[in-house]
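Before any comments, here is the structure.
The values are calculated or read from the model by the stated rules, or taken from the named source; none is laboratory data. These numbers come from a predicted model, not from an experiment. Cβ placement follows ideal geometry from the backbone for every residue including glycine, while neighbour counts extend to all protein chains displayed. Protein only, heavy atoms only, side chains kept; ligands, DNA and RNA dropped before computing areas. Shrake-Rupley method; radii C 1.70, N 1.55, O 1.52, S 1.80 Å.
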Amino acid sequence: MIKDGSLSRIGKAIKELRKMRKMSLQEVAEKSQVTAGLLSKIENFKTVPSLPVLFQISMALDVKMMDLVRDVNPSDTPKYLLIRKDETKKEKNVEAKGLTYETLFSQSFSNSNLVLKVVSVSPKTYRESYNEDALELVYVLSGAVTYGIDKEEVLVEEGDFLFFDGSLSHSIENRDGAHAKMMKMYVQNLVNN
C-alpha cells in the first residue's frame, strides 16, 4: 500500500536528508539559491520542484539528484488505496495560525498531482491572502468559512462546494465562534513546475 504520492516522497527525502545533515531550512535555501518559502513548500508537499531547482537542492545537500527521486514512481502500485484514520498526517502550518492541515492522500497521475487534505479552522481565524499553483476544490464538512478570492468574498457553509484557481490571491476566514472543518483537494500541474 502506498501512503504518499510522488509529491510527498520528494519533500520527505529532502527534509530527511536536511535533518540528517543538521542543516536548517535557511542554510539549504541559501546554498541551493532558492527561497526558504519555496523549500518549505517542497518539504511540506505543497509543490514539486522543477528539475533545475531539484538539482540545486541536491547539490546543497551533497547528494545525487537520483537519491531524491528514487522512489517517486514505484512499480508495485496497488489496485486500490485505503488510508486508515490513524495513518493520516497532521501538519503544523506556521504561516496559518489557527489552521490545521491533515494530509489524507497525495498521488501523481500522468502530468498532475492530486492532494487531499482535511483542514480545521479555529474560531475567529484569518489567514492572509496567498496563492497556490493548483486548482482547489473545497467541501465544508462543518461550520462556515469565508474565502476572499481576487477581491470578492464567498461564504462557504456546511455542505457547500467551492472550486477555484488557487493561483488567484485568496484568504480564508472563520468569523464564527465555532470550529469549521473542510476537505480540500488540490490538483497541481506537474508540467509547468
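Legend: residues K184, K19, sorted from most to least accessible area (1.4 Å probe; ligands, DNA and RNA excluded), read K19, K184. Extension gain, D165 to K22, is 47.8 nm, computed as 0.36 nm per intervening residue step minus the present C-alpha separation.
Distances between placed amide hydrogens fall under 5 Å for V34 paired with no residue 5 or more residues away or on another chain. Over segment 113-193, one equal point on each Cα, no solvent: what is log10 I(q)/I(0) by the Debye formula at q = 0.11, 0.17, 0.18, 0.20 Å⁻¹? The Cα Debye sum returns log10 ratios of -0.27, -0.63, -0.70, -0.85. With 31 Å as the limit, the listed pairs K22/K181; K117/K151; K31/K151 have K22/K181; K31/K151 beyond it between alpha carbons.
If R0 is 22 Å, the Cβ-Cβ spacing of E102 and E158 corresponds to a FRET efficiency of close to 0.75.
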